[in-house]
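Nothing in this text is a laboratory measurement; each read-out follows from the coordinates by a stated rule. None of the values given here were measured: they were computed from a predicted structure. Virtual Cβ from ideal backbone geometry, glycine too; neighbours counted across all protein chains shown.
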């Protein structure tokens, strides 16, 4: 499995790896663009096995967003260690996310925004 979902044993196990890069897609089941994006997101996950790709339906897991609002889809978060490297909406073209992930590997990048500090615990279902 290369695509994970919140509150599942598989995700909990995957998140035990230290310093895993977390790539989270916040979408909604009712969104047509999200329905088309999900298989592409899963395919991209297979191309980046070092990262943990998580699909979050905001209707089912709105608590994972804290005070953040998702206004457009897909909204992506890329988290490395305790740093949120990216949080924002991107165009629903998987190539854009692939380029973003590759850019995140470049040295010297810094945190750009913050997600709730307990996001990883919430994804595991520990909150």
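Remarks
- Prolate/oblate/rounded label for the stretch 20-64 (Cα gyration tensor, a/c 1.5): oblate
- Each label point was placed 7 Å from the Cα along the Cα-to-Cβ direction; for residue 70 and residue 93 their separation is 2.2 nm.
- Computed over the stretch 1-100, the alpha-carbon pair-distance distribution with 5 angstrom bins reads 3, 13, 26, 28, 21, 9, 1, each value a whole percent.
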